[in-house]
Amino acid sequence: MGKIKKVLSSSKMVTVVWVLGFIAVWEIGATIVGFTKRTPENVLPHIYQIFGSMFSTKLINGSQTALQLVLSNAGVTLLRAGIGLVIGAAIGFLLAVLMSRFKIVEKTIFPYLMIIQMIPILGMAPIILAITKDIDQSRIIIAAILTFYPVATNTLAGFKSVEKEKQDLMYSLAASRYQIYKKLLLPTSLPYLFSGLKIAAPMAITASILVDTLQGSGGLGTLLSQSLKHAMSIYVFWQIVFVSAAIGILSYNLMSLLEKITSPYAKNKKKGEIK
Amino acid sequence: MFGRKTAVEPRMTWEKNNEAAVGAEIKVENVSISFPNTANGEIIEALRNVDLTIERGQFISLVGPSGCGKTTLLRAIADLQQPTSGEISVRGQNPRDVRLQKKYGIVFQSPVLYDWRSVRRNVCMPMELMGLPKKHRTKMVTEMLDLVGLLDFGSKYPKELSGGMQQRVGIARALAIRPEILLMDEPFSALDEFTKEKLNEDLLEIWSKTKTTIVFVTHNISEAVFLSDKVVVLSPHPGRVSAVVDIDLPRPRTLDIKNEAEFGALVAKVRSSFEGV
């Protein structure tokens with residue numbers, strides 16, 4: 001009995017149960033919808049239909065299969081989200097450094113930065129587009145705007161989590177500011193920085209897809225709105241949904257992986273000594 | 001600022017006697033320290049008119065109940081706290097210059113180790129800050145870990161060590177830059193009695209090898225008497241020096257000395273020196 005309990009409570013098992021549960025609910029829904037005539041046809045198809053369509057070799061735009069089309073657009077989306085994320089994370093990190101260094105910066109700009117976060121992206125997108133007059137640039141900028149805030153807040157929280165005695169130690173050793181950041185503040189705040197990045201990465205992708213839907217020049221969002229308007233292929237839409245979800249989750253996992261590689265705690269954690 | 005005559009007078013003559021004999025390492029002259037309470041903004045008078053002379057190579061303890069300003073005094077010597085009035089000089093220089101020359105080693109109440117660094121790299125850290133060559137650092141780390149009895153634990157991480165071992169790492173790190181003055185702020189107060197006594201003995205051995213001046217803050221009278229050449233008794237509200245007791249027990253000392261009548265008499269003498277507790 002105890003063994004079964006242990007297996008059931010392991011995190012892998014939980015994941016499996018969730019996935020199976022999701023598939024079951026989906027299929028029940030698809031079966032029920034299947035009894036009625038699907039109008040339009042892409043309302044909740046069976047999962048096997050969607051995955052089947054991924055392996056279909058039928059060319060849908062003259063040169064690409066549905067999956068090739070979706071993946072090539074996903075690449076465009078990922079690239080923009082990635083550039084936006086890198087820029088946003090860099091700005092967020094710099095802001096955190098400035099705010100930790102100068103109390104006045106924290107007091108004057110930090111509470112107002114949050115306001116930028118409150119503007120819905122869809123409202124912001126046309127404004128940014130009007131300013132940059134370039135859809136590619138505006139997408140990158142919006143991804144950056146969405147990502148800098150979680151990175152900045154989390155990194156700042158990380159800087160602030162440093163114990164006073166550790167600061168005193170650095171002070172008593174007459175460490176330079178650069179040394180204090182490099183040897184103490186940065187290593188301490190890395191786990192915080194990465195929890196910021198884990199929030200920011202999927203957000204950057206969401207932003208990139210959403211902005212794509214506004215004006216088309218490639219990208220998952222553009223394809224998404226096309227697939228809704230024109231019946232390119234009934235399953236292209238669902239492929240996009242699945243691929244978007246997958247790259248969102250992957251972006252999170254990529255950040256976890258990066259954390260493992262760069263974190264000075266990594267070696268420790270592997271040994272299972274530090275929780 | 002405050003009437004100096006109200007402070008304890010006999011100590012003054014004692015100070016003068018010793019000053020004549022040996023060059024002072026640390027001189028605290030009429031130091032008062034007040035600061036606002038972080039919680040309610042009320043001004044706390046942590047220290048009032050403190051005079052103290054510490055000679056080179058001495059082991060002295062600041063002992064007293066909480067609120068007596070012993071830690072504040074230590075922090076003032078370390079340049080972590082500025083005196084409101086009065087003056088502190090260390091080898092004729094002000095504490096700030098001494099700090100900038102990296103002549104202080106500090107051991108805190110908690111070990112203050114970097115979790116992400118191995119024991120060796122923790123001990124190495126101050127030397128990295130000083131930009132010492134790697135060869136020298138490696139040699140010193142080995143030497144220091146040997147000194148504190150942790151040579152086999154260099155590749156471990158702090159979380160893998162017991163509290164006593166962590167504190168040893170802290171001591172090794174403080175000593176690695178060969179400080180001229182070692183400041184210790186209740187370093188063993190979080191440890192159990194057995195570990196504490198063992199570390200007390202070890203600390204005396206380390207001290208006899210390094211000949212550093214040690215200023216040791218504690219609230220444990222027996223610990224202070226066991227370790228020190230001189231016990232400075234501080235009393236609270238406001239923090240002030242109420243007595244300085246010379247400990248002329250022979251060295252090297254082992255824990256057995258605690259069973260002797262002389263030791264008990266000195267402990268009693270220190271205990272009777274507290275005022276207004």
Inset, instruction - Counting only chymotrypsin sites (Phe, Trp or Tyr not before Pro) that are in a DSSP loop and have at most 12 other C-beta atoms within 10 Å, tell me the longest site-free stretch of chain A. - result: A:103-275
Inset, instruction - Considering the convex hull of the alpha carbon atoms of region B:88-168, report its projected area averaged over all viewing directions, in nm², one decimal. - result: 6.3 nm²
Inset, instruction - Take the alpha carbon atoms of region B:209-277, find their center, do the same for region B:107-185, and report the distance between the two centers in whole angstrom. - result: 27 Å
Legend entry - Under the span-like rule (Cα at least 18 Å along the axis, Kyte-Doolittle mean at least 1.0), DSSP H helices of chain A: A:11-35, A:66-101, A:186-214, A:234-262
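Apply the Kirkwood formula to chain A: the hydrodynamic radius equals the inverse of the mean of 1/r over all pairs of different alpha-carbon atoms; give it in Å with one decimal. Let's see the in-between values first.
Working: mean 1/r = 0.0461 Å⁻¹.
That comes to 21.7 Å for chain A.
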Legend entry - Helix-only mean residue ellipticity at 222 nm for chain A, each DSSP H run of n ≥ 4 adding -39500 (n - 2.57), per residue, nearest 500: -26500 deg cm²/dmol
Inset, instruction - Take every Cα-Cα distance within the protein assembly as shown, group them into 10 Å bins from 0 onward, and report for each bin the whole-number percent of pairs it holds. - result: 3, 14, 19, 18, 14, 11, 9, 7, 4, 1, 0
Legend entry - Anchor A:Lys198: aspartates and glutamates whose Cα lies under 14 Å away (excluding residues fewer than 8 positions away in-chain): A:Glu259
Legend entry - 18 Å Cα-Cα threshold exceeded, pairs from B:Lys70/B:Lys159; B:Lys102/B:Lys135; A:Lys160/A:Lys183; B:Lys103/B:Lys211; A:Lys160/B:Lys70: B:Lys70/B:Lys159; B:Lys102/B:Lys135; A:Lys160/B:Lys70
Inset, instruction - Return the whole-Å distance between the Cα centroid of region A:123-177 and the Cα centroid of region A:42-97. - result: 26 Å
Legend entry - Highest-MSF residue in chain B out of B:Gly170, B:Gly149, B:Gly131 [GNM, Cα springs under 10 Å]: B:Gly131
Legend entry - Debye log10 I(q)/I(0) for chain B, one point scatterer per Cα, at q = 0.08, 0.09, 0.11, 0.15 Å⁻¹: -0.33, -0.42, -0.63, -1.16
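Please sort by residue number the trypsin sites (Lys or Arg not before Pro) in region A:12-97 whose DSSP state is loop and whose Cβ has at most 10 other Cβ atoms within 10 Å.
Values: sites: A:Lys12, A:Lys37, A:Arg38, A:Lys58, A:Arg80; in loops: A:Lys37, A:Arg38, A:Lys58.
Answer by residue number: A:Lys37, A:Lys58.
Longest exposed-loop-site-free stretch of chain A, with GluC sites (Glu not before Pro), DSSP loop and at most 16 other Cβ within 10 Å?
Values: sites that count: A:Glu41, A:Glu163, A:Glu273.
Value returned for the longest uninterrupted segment is A:42-162.
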Inset, instruction - With runs of 4+ DSSP H residues as the only contributors, calculate the mean residue ellipticity of chain B at 222 nm using -39,500 (n - 2.57) per run, divided by the residue total and rounded to the nearest 500. - result: -11000 deg cm²/dmol
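Considering every residue in B:109-122, what mean count of other chain Cβ atoms within 10 Å of its Cβ is obtained? Mind dumping the intermediate values first?
Details: counts 1, 3, 1, 8, 2, 7, 7, 11, 4, 2, 0, 0, 1, 0.
Mean partner shielding for this stretch: 3.
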Inset, instruction - For chain A, set up a Gaussian network in which alpha carbons nearer than 10 Å are linked by springs, and say which option among A:Val43, A:Val236, A:Val16 fluctuates the most. - result: A:Val16
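Just to be sure I follow: if Rg is taken over the C-alpha atoms of region A:52-183 and Rh is the Kirkwood radius over the same atoms, what is Rg/Rh? Numbers along the way, then the final one.
On the way: Rg = 21.4 Å, Rh = 18.0 Å.
Here the Rg-to-Rh quotient is 1.19.
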Legend entry - Amide H partners (placed H, <5 Å) of B:Val217, local residues excluded: B:Leu62, B:Met184, B:Asp185, B:Glu186
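Too long at a 31 Å Cα-Cα cut-off: which of A:Lys107/A:Lys166; A:Lys107/B:Lys27; B:Lys139/B:Lys198; B:Lys209/B:Lys269; A:Lys12/A:Lys182? Kindly include the intermediate steps, with their values, before the conclusion.
Numbers: A:Lys107/A:Lys166 24 Å; A:Lys107/B:Lys27 41 Å; B:Lys139/B:Lys198 26 Å; B:Lys209/B:Lys269 29 Å; A:Lys12/A:Lys182 37 Å.
Exceeds cut-off: A:Lys107/B:Lys27; A:Lys12/A:Lys182.
Bear in mind that the values in this text are calculations on the coordinates, not laboratory data. A quick note: this is a predicted structure, and the numbers were derived from the prediction, not measured. Because the Cβ atoms are built from the backbone with ideal geometry, glycine has one as well, and the counts that use them run over all protein chains shown.
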